[in-house]
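Each value in this text was obtained by applying a stated rule to the coordinates, not by laboratory testing. All values reported here derive from a predicted model rather than from experimental measurement. Cβ coordinates were reconstructed from backbone atoms using ideal geometry, including for glycine residues, and neighbour counts include every protein chain displayed.
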Amino acid sequence: MKGQKAVLLVNVGTPDNPGKKAVRKYLFQFLNDKRVIDLPWLVRKFLVNVIIVPFRAAKSTQLYRRLWTSEGSPLLTYSIKLANKLNDSLGDNYRVIPAMRYGNPSLTQALKRLERENPATIILMPLFPQYASSTTGSIVEHVFTKMKKWEVLPELKIIDQFFQSPAFIRAYAAQIKKYNPEQYDHILFSYHGLPLRQINKVHPAVNEGNCSCEEDMPAHGVRCYKAACFSTTRLLTRELNLTKENFTTAFQSRLSKNWLTPFSDEIIVDLAKKGKKKLLVAAPSFVTDCLETIIEIGEDYNKIFQENGGEQLTLVSSLNNSGDWVKGLKEIISS
């Protein structure tokens, strides 16, 4: 194989195509992960296989059809392009492999290939800036489960979160600057939401009402997703020289009221009703554009904003395969 160091760039996944059969297959795999829906086995199986997927598949299929491009899934096409660029940038001692936790290119198949090729080092990088059990935790557990059966174990380096990396902050701030943020009335930093019960497992103070995550990164909360998100906003707004009255942090993609607040869609309605006409939305929990950015924010939130009196909602494109991100990833991986 090319190089003695293999870099696994892992994202959450995407259906193979926007057809209902492929979407159902993807949803079954994704939602049956015990770290994604952290309920007892029997409850999870019944909820996912009998209720959620059968009723959600048709709606999800329509969303993926809206997302799909002539190249296919943006998440997949950007991931492959990013891996190729990073591969060239890192040089001959590295080989960069894109993989998905669910769907294709399969993380399981990538690991089987690496077992045969036996690199000296594997660098595992889940592409999630802030650690969460349902994303990075699931990927790391899956890799451990597969690798424990290997006869020869390589050195394994895990980059389990990188929101505090200056390279990431510089790259994401540079992406935001391309949109001339000073020309907007307000900036919303929208992060993917999580159920409060998952946050509470790591940081019980969130539910006890004495949480300081919005103001600082508590030492005991270093793996607290909520704290990491607010910390990401602080680091980005310092880099951008934004004042507190000009930005808000919120959480999107909720499935119930018992998820992290404030909710992005409600904040957008509130900002529109307060007279904000131009809103810039950045989503720093995503480094690759996908359903949650292109469709949920770029289309659905834009519609909500305009229906409530706003005029223009602009989505900051994710880092995708930009030169700044390739440079940033190289710095993070090589450090």
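Observations, loosely collected:
- In the range 2-26, the residues that are closer than 16 Å to Leu75 by Cα and without any contact (Cβ under 8 Å) to a residue 60 or more places away in the chain: Asn17, Pro18, Ala22, Val23
- Exclusive hit being over 30 Å from Lys201 (Cα atoms) and touching a residue at least 60 places away in the same chain (Cβ under 8 Å), set Arg66, Arg116, Arg35: Arg66
- Pick from the range 267-320, criterion under 23 Å from the mean Cα position of the chain (by Cα) and small (Gly, Ala, Ser), ranking: nearest to Phe162 (Cα to Cα): Ser285
- Residues in the range 131-162 that are assigned to a strand (DSSP E or B) and either buried (at least 19 other Cβ atoms within 10 Å of the Cβ) or β-branched (Val, Ile, Thr) (or both): Ile158 only.
- Count of residues meeting criterion [surrounded by fewer than 13 Cβ atoms within 10 Å (Cβ to Cβ) and within 22 Å of Leu194 (Cβ to Cβ)] in the range 30-45: 3
- Candidate set from the range 1-38 (those that are among the polar types (S, T, N, Q) and part of a loop (DSSP other than H, G, I, E, B)); member that is farthest from Thr135 (Cα to Cα): Gln4
- Of everything in the range 256-285 that is free of Cβ contacts under 8 Å to residues at least 60 places away in the same chain and farther than 15 Å from Leu313 by Cα, the residue that is surrounded by the most Cβ atoms within 10 Å (Cβ to Cβ) is Thr261.
- Exactly one residue out of Arg170, Arg101 is under 23 Å from the mean Cα position of the chain (by Cα), under 30 Å from Asp38 (Cα atoms) and either charged (D, E, K, R) or surrounded by 16 or more Cβ atoms within 10 Å (Cβ to Cβ) (or both): that is Arg101.
- Members of the range 69-83 found to be surrounded by fewer than 20 Cβ atoms within 10 Å (Cβ to Cβ) and in contact (Cβ under 8 Å) with a residue 60 or more places away in the chain, listed by number: Lys81
Residues checked against (1) out of contact with any helix residue (DSSP H, G or I) (no Cβ under 7 Å at 6 or more places or on another chain); (2) aliphatic (A, V, I, L, M):
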residue	(1), (2)
Gly91	yes, no
Ala99	no, yes
Gly103	no, no
Ser106	yes, no
Gln109	yes, no
Arg113	yes, no
Asn118	yes, no
Gly137	yes, no
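- Scanning the range 284-312 for residues that are under 27 Å from Leu235 (Cα atoms) and β-branched (Val, Ile, Thr) yields Val287, Thr288, Thr293, Ile294, Ile295, Ile297.
- Residues that are over 16 Å from Phe30 (Cα atoms), polar (S, T, N, Q) and over 18 Å from the mean Cα position of the chain (by Cα), drawn from the range 41-79: Gln62, Thr69, Ser70
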